[in-house]
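Below is one structure, written out as structure tokens, with a few remarks after it.
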Amino acid sequence: MKRFAIILACALLGGCATVTVSREGATMVNIENSGWYLLNFIPIASGNPARPNSCTTRLFSKTVTLENNVKMLDKVIREEGAAAVRDINSFTIDEHVLLILLKRHAYHTSAQLLMKEDMEETKAEGVSTILPKEF
């Protein structure tokens, strides 16, 4: 029982939403939102997509969704001043603890941000891009 209490305490502190931007070579963004679920469907703690990279957790809320990852990506696009996005990739990872009792669910999204100067090269290469909503 003591082990279960420790795992539950970690789960309550463990929901996390992070956004990482790398500007080496190309501008790449990596987004991860994770949460803990009881019996595979009852959310215990999830990352707060409104405040990524902070130590905030949303209790009893299911925030680990593709929609929230896209909202965080849209915010990064605006903050970085990107003209377009390409190579968007999203996937999920599930990690089970104590068989089916406790599960950590994570949603990952990554993309390359194209700045205005990158757009000239992209058009010349004939690569498809996705423009942000305001374009």
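The values are calculated or read from the model by the stated rules, or taken from the named source; none is laboratory data. Computed from a predicted structure; not experimentally measured. With ideal geometry, Cβ positions are generated from the backbone for all residues, glycine too; neighbour counts draw on all protein chains shown. Side chains included, ligands, DNA and RNA excluded: accessible areas come from the protein's heavy atoms. Shrake-Rupley method; radii C 1.70, N 1.55, O 1.52, S 1.80 Å.
Restricting attention to the stretch 11-68, the residues being open to solvent by 30 Å² or more (accessible area, probe 1.4 Å) and over 17 Å from the mean Cα position of the chain (by Cα) number 13. Of all residue pairs spaced 6 or more apart or on separate chains, those with beta-carbon atoms under 8 Å, a first member in the stretch 73-94 that is without any contact (Cβ under 8 Å) to a residue 24 or more places away in the chain and a second member that is among the polar types (S, T, N, Q) are Asn89/Thr109; Asn89/Ser110. Within the option set Leu73, Leu102, being more than 18 Å from Asn48 (Cα to Cα), aliphatic (A, V, I, L, M) and surrounded by 13 or more Cβ atoms within 10 Å (Cβ to Cβ) holds for one residue only, Leu102.
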